[in-house]
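The values are calculated or read from the model by the stated rules, or taken from the named source; none is laboratory data. Note that the structure is a prediction, hence the values are computed from the model and not measured. Ideal geometry is used to build each Cβ from the backbone, glycine not excepted, and the neighbour counts take in all protein chains shown.
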Amino acid sequence: MPQETEAAVKPFLEVLSGRKQPSPPIWMMRQAGRYLPEYREVRAKAGGFLDLCFTPEFAAEVTLQPIRRFAFDAAIIFSDILVVPYALGRAVRFEVGEGPRLDPLDTPEKIATLEPRADLGKLEPVFEALRLVRRELDPKIALIGFCGAPWTVATYMVAGQGTPDQAPARLMAYRHPEAFAGIIDALVDNSIDYLLGQLAAGADVLQIFDTWAGVLPPREFLRWSVEPTSRIVEGVRAKVPDAKIIGFPRGAGALLPAYVDATGVNAVSIDWAAEPTMIREKVQKRVAVQGNLDPLVLIAGGAALDRAIDDVLASYAGGRLIFNLGHGIQPETPIAHVEQMIRRVRAYRG
Ligand code: CP3
């Protein structure tokens, strides 16, 4: 590791380590993506989406694009949560305009054929991309590695595609809980190894994306979101005891404090529907929070955007806050609105 990397203070990591910053560090989920012309250019050169993810030079380049343009406090490695099913030997494709397609694991018999161990060699290009980014990145900027939470990844593996309500996975979990647990267990074990590989390749912090946590009733939420995520956190910390981990159980609502308690994450990403008093009292007193601007107000811009930014700051900047969106930035977002947001957040002193 280069000397300056160890010496430089990263404001993002300071917040995760318990030290609130006067101006909250800022980055955006999906900050590398189609709203940027320079991303669209590399994406066209790479061919398919997975070719982009698995060509280290391209993945490193698009990871760095939003850093060069906006000087965010964190870079997130460009990849996708579905590279883990790919490493488990599942067919994964991305159809233009349609999103991901996998061979569905829609019966217990098919689930029984799932390999328990992934071929992590298939993910070596992601590790290489992390090393390339690490070399280029200003030492004050944090590098985020990530994986999908087992529940969210399983929703795609069972349905074979994105679904509006994740009904195929929910039904599988009710009808055949043991078979479904087989998918979850394979994802837990291999996600631990994948995250440890990302730390070894230079990631400073890890985020676990549970985009579809909010569709589960409390009992199922504890079983399929909280419990597997806890095992991942524990598995990573068994090898790297001080690993910094951010959880994103989107839509967890009133169950967020239980998630924080049980998983032991250092921070949670919150969506824009979160209720500030509850978050401040039951979540932010214990861990840092990350969020939670509505990505649609970033499309709208103007006075509505300023007001929404001020609301996030007024709600959370008195404690440990990493400013972010409540979910990923959308492709139609004007770049000028992102600049407006960054100026306003950077001007804040609390
Ligand atoms: O945040 C970043 O900049 C890092 C890159 C990143 C991507 N996907 C790139 C991507 C991250 C962190 C993800 C995570 C991811 N992938 C999640 C969890 C977070 C979330 O946003 O909810 C999920 C559910 C996926 C699965 C996935 N990948 C879907 C449903 C789609 C299609 C939808 C879409 O936006 O097109 C993808 C494709 C994808 N992953 C794109 C990007 C930039 C768009 C593909 C393209 O450029 O053509």
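Overview of values
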| item | result |
| --- | --- |
| Helices (runs of 4 or more DSSP H) completely within the stretch 231-350 that count 3 or more residues being surrounded by fewer than 21 Cβ atoms within 10 Å (Cβ to Cβ) and not aliphatic (A, V, I, L, M) | 302-316, 335-347 |
| Total residues in the stretch 71-103, condition of a type outside the set (Phe, Trp, Tyr), surrounded by 16 or more Cβ atoms within 10 Å (Cβ to Cβ) and part of a loop (DSSP other than H, G, I, E, B) | 8 |
| The stretch 104-123, residues that are under 22 Å from the mean Cα position of the chain (by Cα) and within 22 Å of residue 159 (Cβ to Cβ) | 118 |
| Boolean, residue 51 is closer than 20 Å to residue 120 by Cβ, free of Cβ contacts under 8 Å to residues at least 40 places away in the same chain and under 17 Å from the mean Cα position of the chain (by Cα) | no |
| Cβ pairs under 8 Å, 6+ apart, first in the stretch 248-265 and within 14 Å of residue 233 (Cβ to Cβ), second within 16 Å of the ligand (Cβ to nearest atom) and among the charged types (D, E, K, R) | 248/210; 249/210 |
| Selected residue [among the aliphatic types (A, V, I, L, M), within 14 Å of the ligand (Cβ to nearest atom), more than 23 Å from residue 286 (Cβ to Cβ) and without any contact (Cβ under 8 Å) to a residue 40 or more places away in the chain] from 44, 60 | 44 |
| Inter-residue pairs, beta-carbon under 6 Å, first surrounded by 10 or more Cβ atoms within 10 Å (Cβ to Cβ) and in a loop (DSSP other than H, G, I, E, B) and in the stretch 1-27, second small (Gly, Ala, Ser) and at pLDDT 95 or above, 6+ apart | 10/142; 24/317; 27/74 |
| Positions within the stretch 202-245 being of a type in the set (Phe, Trp, Tyr) and either within 19 Å of residue 126 (Cβ to Cβ) or touching a Cys at 6+ places or on another chain (Cβ under 6 Å) (or both), in sequence order | 209 |
